[in-house]
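Here the structure is laid out as structure tokens; the discussion comes afterwards.
The values are calculated or read from the model by the stated rules, or taken from the named source; none is laboratory data. These numbers were taken from a predicted model, which means no experiment stands behind them. Methodologically, a virtual Cβ is constructed for each residue, glycine included, from the backbone with ideal geometry; neighbour enumeration extends over all protein chains shown. Just the protein is used for accessible areas: all its heavy atoms, side chains included, with ligands, DNA and RNA removed. Shrake-Rupley method; radii C 1.70, N 1.55, O 1.52, S 1.80 Å.
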Amino acid sequence: MENRMLSVFFACALLGGAAYAADVPDIKAGLWATTTTSGDAQLPAVTASLCSSTALLQTLVDQRLKGPNHPCKRISVIHSGTTITEQSECKFGDTVTKSKSVTVVTGNIAVHTEIRQEGKSGVIVSDSKYVGACPAGMQLGDFVADNGMKANILHPENAAAPPKTP
């Protein structure tokens, strides 16, 4: 459950990797559906919906780059048309992990990202698309995972477990 929750946070909070970019793409505000696969056959694809906007993505970037407890730093960012390529490095204890993400933005309604970790063969692929206005009762940052788990990415400490099945 914890790995799945982390995958959902990863997929939704980054809206397919868009928030990794130095310049946040101008996305259409509303409900976004994201599907993420990890390249690990044992982990199923994760699908979630997120009420998002450009301002939300900018907040996430600001937290990522300026947060005192963030273990990652950006090594390089290259913009080429609608493609953003970033190399980053994260330090967890004594372990340093390097990764490269390539994000392709289609208009303001779709984002495709592929992330590869140095030394690993798998790739994390995330596809996000705008699906319409946020439904009543959802606010900016709210997401709902395919398993029913609900949270707000700005306040993950308030995450609600998925409903129990009888």
Inset, instruction - Using a Förster distance of 35 angstrom, determine the FRET efficiency expected from the C-beta separation of LYS73 and ALA133, and round it to 0.05. - result: 0.45
Legend entry - Under Karplus coefficients 6.51, -1.76 and 1.60, residue-wise ³J(HN,Hα) of segment 120-128 in Hz, glycine/proline x: 10, 8, x, 9, 8, 10, 10, 10, 10
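Of SER52, SER38, SER80, which has the most accessible area with a 1.4 Å probe, and how do the rest follow in descending order?
SER80, SER38, SER52
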